[in-house]
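FYI, it's all coordinate maths here, none of it is from the lab. Just so it is clear, the structure is predicted and the values come from calculations on it, not from any experiment. We place every Cβ from the backbone using ideal geometry, glycine too, and count neighbours over all the protein chains shown.
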Amino acid sequence: MGRWEPNARGRLEQAALELFIERGFEQTTVTEIARRAGLTQRTFFRHFADKREVLFWGQGALQELFVSTVASAPDSAAPLDAVAAALEAAGAVLQERHESARQRQAIINANAELRERELIKLAALASAIAGALRQRGVSDPTASLTAEAGIAVFKIAFERWVNGTGQPDLPKVIRESLDELRAVTAGM
């Protein structure tokens, strides 16, 4: 193995996804992931704290995208519209990774510990979005309620997208899910 290999993180992620699908998350070791990627364990640990992080490493960037999009929404935007813009921005980024997102979600769905981690990630996203809304002057409980509703829409739309046939447009699925939420709340 060479001292430096291009795209080590991507190769480790791909190797991990393949092994998790083939053998299961619990049965796969870091050594096996590194070997499959043609890298060392040391290189693995330069990029990921543990094998769970292979599935969750993009959380910080996703959270930053949500927060910055909410913050940059026009001052006149209603709280739900600011959150909708953030959901669509995230959807556009994830759209490029449909197959790996589908594989990742299948791995998470098959493991209780990973499902719990995914829920924690979603709760952290909701909290960050609520904070961004408060920075825009939205008071509680409106900020928290809007953020939680936005994450619920994102979760449902994402599930539809990864479980659907073909490759639908994730931002479109998000818009449709938001429209369903608006229809439900308008009828109350």
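Are there any pairs with C-beta distances below 6 angstrom linking a residue in segment 49-64 that is farther than 25 Å from Ala132 by Cα and free of Cβ contacts under 8 Å to residues at least 40 places away in the same chain to a residue that is aliphatic (A, V, I, L, M) and in a helix (DSSP H, G or I), with the two at least 6 apart or on different chains, and if so which?
Lys51/Val30
Check whether at least one residue in segment 144-158 is more than 20 Å from Ser100 (Cβ to Cβ) and loosely packed, with under 15 Cβ neighbours inside 10 Å, and report yes or no.
The answer is yes, given that some residue of segment 144-158 is more than 20 Å from Ser100 (Cβ to Cβ) and loosely packed, with under 15 Cβ neighbours inside 10 Å.
Which one is nearest to Val70 (Cα to Cα) among residues in segment 134-188 that are in contact with a His (Cβ under 9 Å, 6 or more places away or on another chain) and assigned to a helix (DSSP H, G or I)?
Looking at the filtered set, the residue picked out is Leu170.
Here is a list: Ala84, Ala123. Which entry is aliphatic (A, V, I, L, M) and either over 18 Å from Trp57 (Cα atoms) or touching an Asp or Glu at 6+ places or on another chain (Cβ under 6 Å) (or both)?
Ala84
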